[in-house]
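The values are calculated or read from the model by the stated rules, or taken from the named source; none is laboratory data. Only a predicted model underlies this, so the values are computations on that prediction, with no experimental measurement involved. Backbone-built Cβ (ideal geometry, glycine too); neighbour counts: all protein chains shown.
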């Protein structure tokens, strides 16, 4: 007799790239569903509570150019939840009068939502205890577009949940850039290769379909709490973190010695020293984040960590992941001289002299001004949000290494011949994104490989300059001054679209400026 798989609401939300799930997944009290509009659905499991049936569209198939078409689910009272994948970019007038719809997952990839798309979905207006009724949203933040539609003060009276699920999924970039103010992560965060707890061993069992169940993990020195799963397709991995209190300042001797299931370790700025043998013989350890606060690393700390000595040409790098642009002498000496590969965070900046569109309060006119002449409080013109005050602005030096490798750690020239909207050439770093309506050729795949996700700013896709073939490597080798800024925003993690030399590009977020940029803040 076949065993029916079961998933909780949280596990469906945290499904990541699980190949079992298609573009649209639904839960329903109906026993048989085959087609709804252009979608063909297949039964895959049941929910762990209330015993609803879970159906998903054909995996790997994109329908209607990734837009949920008008009338697709209108007046369907049998559907309890709808969960959209990151391939969905738009929602037409598709969910009217779904009187029993309680759960809706909207990914950041969605750029358009019809004003009446959820008219009559009365159960989306409820805020209850977990599992939440209303919109479920599992990313670290919601785009401004989704926040306006579903968030605080929205005219539809919907309730938006952000970062509320106990089994969220994260990319490597999410963890590296988690920031000191993220309340989920403690002073030591680890990625652990998932395996079944057979014979009394520690671990967290992997459920059918690759979805993980919550649990705990114990190392010789620390107790960890499960916080999520890695959004990887090639390996099953769980994320654990220590409690935020009490504060940890030392990674103690033998902490992970013999715990050879550790894939990654990420330390907070509270850590000042790494003691002897703490990661000894962790042969699968390939990601390690060391903050500048560390001033002491014992010579045996990483003995036997053989994978740390290899590196890839594109992120996510194997080897040391390091997010400050200026590592201290202790870190440089240790990792360079022990033949480890040390990675620095890519800088997201404009070359000095780039001109930004802003509002001149003396002339009461818009005009372009060199970025180095801007100051905190100046009003910069945004694509969709009018004028916004500069919250932080800063600069640094970077060395532009000229060769034919299109990496993030160099400067690129956007020329007037390739970008007609420019009034003069623009020089930006390879990690800096140009905002575009759509990707061309294989740009989407390369962006996903570089950033581990597809990001959206002001309803435009972020296309890093190093991936945009129109941008050419800036052929002036040597040291250059670079600048960047962030604008006032109620969301610490969000940025805007602005105009530089006439081209639409992204700003930094306030978190990026303060926690990750390494710039000298003016």
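Structure values in brief
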| quantity | calculated |
| --- | --- |
| Strands (runs of 3 or more DSSP E) lying entirely in region 1-117 (those with 3 or more residues that are under 24 Å from the mean Cα position of the chain (by Cα) and not assigned by TED's automatic domain parsing to the domain that holds residue 453) | 79-84, 103-105 |
| Residue within region 478-485 that is part of a loop (DSSP other than H, G, I, E, B) and in contact with a strand residue (DSSP E or B) (Cβ under 9 Å, 6 or more places away or on another chain) present | no |
| Positions within region 302-319 being part of a loop (DSSP other than H, G, I, E, B) and either over 24 Å from the mean Cα position of the chain (by Cα) or modelled with pLDDT of 90 or more (or both), in sequence order | 302, 303, 304, 305, 310 |
| Residues (in contact (Cβ under 8 Å) with a residue 24 or more places away in the chain and loosely packed, with under 14 Cβ neighbours inside 10 Å) located in region 425-439 | 437 |
| Filter result (assigned to a loop (DSSP other than H, G, I, E, B) and out of contact with any helix residue (DSSP H, G or I) (no Cβ under 6 Å at 6 or more places or on another chain)) within region 284-301 | 284, 285, 291, 292, 293, 294, 298, 299, 300, 301 |
| Residue 512 vs. criteria surrounded by 20 or more Cβ atoms within 10 Å (Cβ to Cβ) and not in a loop (DSSP other than H, G, I, E, B) | yes |
| Residue count for region 213-244, restricted to those that are part of a loop (DSSP other than H, G, I, E, B) and at pLDDT 75 or above | 5 |
| Test: residue 453 is in contact (Cβ under 8 Å) with a residue 60 or more places away in the chain and part of a loop (DSSP other than H, G, I, E, B) | yes |
| Given (1) touching a helix residue (DSSP H, G or I) at 6+ places or on another chain (Cβ under 7 Å); (2) in contact (Cβ under 8 Å) with a residue 40 or more places away in the chain; (3) in a loop (DSSP other than H, G, I, E, B), index of the condition residue 259 fails | (1) |
| Whichever residue in region 359-394 is without any contact (Cβ under 8 Å) to a residue 24 or more places away in the chain and in a strand (DSSP E or B) and, among such residues, is nearest to the chain's Cα centre (by Cα) | 379 |
| Residue match in region 470-493 (condition: touching a helix residue (DSSP H, G or I) at 6+ places or on another chain (Cβ under 8 Å), more than 18 Å from residue 379 (Cβ to Cβ) and surrounded by 20 or more Cβ atoms within 10 Å (Cβ to Cβ)) | no |
| Qualifying residue in region 446-465 (condition: over 26 Å from residue 359 (Cβ atoms), crowded, with 22+ Cβ neighbours inside 10 Å and over 18 Å from the mean Cα position of the chain (by Cα)) | yes |
